[in-house]
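The values are calculated or read from the model by the stated rules, or taken from the named source; none is laboratory data. Not measured: the values here are computed from a predicted model. Neighbour counts are summed over all protein chains in view; Cβ atoms, including those assigned to glycine, are modelled from backbone coordinates with ideal geometry. Ligands, DNA and RNA are excluded from the accessible area calculation, which covers all protein heavy atoms including side chains. Shrake-Rupley method; radii C 1.70, N 1.55, O 1.52, S 1.80 Å.
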Number of protein chains: 2
Amino acid sequence: MTTRTRRTERRQEPLSRERIVGAAVDLLDTVGESGLTFRALAERLETGPGAIYWHVTGKAELLAAATEAVVVPAVAADDTDRTPQEAIRTLALGVFDAFDAHPWVGAQFSRATWRPTLLRVFERIGRQVQALGVPEPAQFTAASALMNYIVGVAGQNAATTRAVAPGTNRADFLDATAHAWSALDPGEFAFARGVAGRLREHDDRTEFAAGVDLIVAGITGGT
Amino acid sequence: MTTRTRRTERRQEPLSRERIVGAAVDLLDTVGESGLTFRALAERLETGPGAIYWHVTGKAELLAAATEAVVVPAVAADDTDRTPQEAIRTLALGVFDAFDAHPWVGAQFSRATWRPTLLRVFERIGRQVQALGVPEPAQFTAASALMNYIVGVAGQNAATTRAVAPGTNRADFLDATAHAWSALDPGEFAFARGVAGRLREHDDRTEFAAGVDLIVAGITGGT
DNA sequence: AGGACGCTGGAACGGCGTTCCAGCCGGAGG
DNA sequence: CCTCCGGCTGGAACGCCGTTCCAGCGTCCT
């Protein structure tokens, strides 16, 4: 039976930038940042490393494309029938959840190749700032502050929770951390020791959202 | 003249963890993150790569030690004779300036090896939060919010300004960015186009400090 | 039918982090 | 004084990485 009856699947579906970026996101999600390798990517796509370079220029562009593929949908929520405050909150939580689900994304925003993606986030935030009625001269500063807070704090949070070994649940991790803090030097780390117990009951996501609301309140005049 | 008259300089001052970390910081500052190589480090220390491993366990520990060497002095300012608000502001600007002077530090805080350093920052912030008179149940949340803002936003700012090619000055860079934004698609990037001109006159450091003040005001009750 | 070309994928290169180990060198013990 | 020993050194080597190169496949145009 050497004859192939099914001619339509020639060898496989052809390579494409989309398929490559998709496989890269998968690899980053499952094996982590160090697991994204041109060789591993080639194996998953059943090809050689060289073929990938026909579609992307190198690893930097690949990481940028993977970042964009994750972040852009997360900030593309529908705005209609929402107050600007609600829209900003939704957008912020979209970024937060995307960073949380794909811990490698936060690190990308500390590197140099993120610019187009960040500009998209800035644009969406800026439009809501306009809708808030912020006067034109203050719009740039207001949008910058919000964007820096959202991307910066969400990234910082993702870096913190990434320390959790995969498989352990959040409660166990917080328990272990609280225990470690309680054992710190009482002189040097008095404050951390004292608040160690609060670790168990706090909720990063809620506190992140509260921070967004606080900045929005500050922007709109605080009156 | 094959005889060595100077016997005192045997070969060099001996290797030590301190000297290695110092050279690593130098290398990171001058050549950037990709310039920190065990081979380059060995050459600068006039030794071989193997010798370095007697003093540090690997590159991860080396990066963590370099980060600590830069950040800890930056947050160790003298607190006496300051209001808590002033102390927090000074601390925040210390982190901001350290991240700005050593752009590779911000990226470290998105990775997994920063924990001891971050805890030191948290401790210092927490003590000032206590001094502000924040009630005990809210201290943890308040200190977390401040720390996340300070580290997150300072890191984000450092990543943005790092895009500047070394040698170009800030005004030229802002000019070029403003020009690029003005050329964006009017439909997709209406807001960014509109505020492009504001880029030239804004000051990241001042706006960062204003954000810190805003959060402090929110923490202390906002009355 | 034949040529051209987009696309493939395996081989190869230089450089990386890391490991290994032969040997140096200063001080403790005879 | 010599000898031995162990902390410390530094160069060689290993495996893996990103990237480049190129012979050849398949498809479409002429």
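Placing unit charges on the Cβ atoms of the charged side chains and taking the dipole of chain B about its Cα centre, the candidate lying farthest along the positive direction among B:Ser110, B:Val212, B:Phe38 is B:Phe38. For A:His202, B:His179, A:His55, the ranking by accessible surface with the largest value first comes to B:His179, A:His55, A:His202, using a 1.4 Å probe.
Its DSSP H runs of at least 4 residues, each contributing -39,500 (n - 2.57), put the calculated 222 nm mean residue ellipticity of chain B at -20500 deg cm²/dmol, to the nearest 500.
Rolling a 1.4 angstrom probe over the protein heavy atoms with all chains in place gives chain B an accessible area of 52 Å² per residue.
Pairing chain B with chain A buries about 4600 Å² of accessible area. This figure sums both sides and uses a 1.4 Å probe.
Going by accessible area, probe 1.4 Å, with all protein chains left in place, what is the ranking of A:Thr160, B:Thr57, largest first?
B:Thr57, A:Thr160
For the set A:Tyr53, B:Tyr149, solvent exposure ranked by accessible area (probe 1.4 Å, protein chains only) runs largest to smallest as A:Tyr53, B:Tyr149.
One Cα centroid belongs to region B:72-93, the other to region B:173-187; the line between them spans 38 Å. Computed in the context of the full set of protein chains, the accessible area of region A:78-219 at 1.4 Å probe radius has 54% of its extent on carbon or sulfur. Label points for B:Gly35 are taken 7 Å from Cα along Cα→Cβ. From this copy to the others they lie 3.4 nm apart, shortest first. Looking at the square roots a ≥ b ≥ c of the eigenvalues of the Cα gyration tensor of region B:74-223, which shape do they give, rounded for a/c under 1.5, prolate if a/b is larger than b/c, or oblate? Verdict is prolate for region B:74-223. Rolling a 1.4 Å probe across all protein chains gives A:Asp204 an accessible area of roughly 40 Å². Rolling a 1.4 Å probe across all protein chains gives B:Glu201 an accessible area of roughly 120 Å².
Only protein heavy atoms count here; on that basis, with a 1.4 Å probe, A:Glu43 has an accessible area of about 140 Å². Couplings 3J(HN,Hα) for region B:40-54, derived from phi with the Karplus relation 6.51 cos²θ - 1.76 cosθ + 1.60 (θ = phi - 60°), are 4, 4, 4, 4, 5, 8, 6, 8, x, x, x, 4, 5, 5, 6 Hz, where x marks Gly and Pro.
The residue of chain B whose Cβ sits closest to the rotation axis that maps B onto A, together with that distance in whole Å, is B:Gly152, 1. Charged side chains reduced to their Cβ positions (Lys and Arg at +1, Asp and Glu at -1) give chain B a dipole of some 960 debye around its Cα centre. For B:Trp54, the point set 7 Å out from Cα toward Cβ sits 5.3 nm from its twins in the other copies, listed from shortest up. Quick check on region A:158-223: take the gyration tensor over C-alpha atoms, sort the square-rooted eigenvalues as a ≥ b ≥ c, and tell me if it's rounded (a/c under 1.5), prolate or oblate. Oblate is the answer for region A:158-223, as a/c is 1.5 or above yet b/c matches or exceeds a/b.
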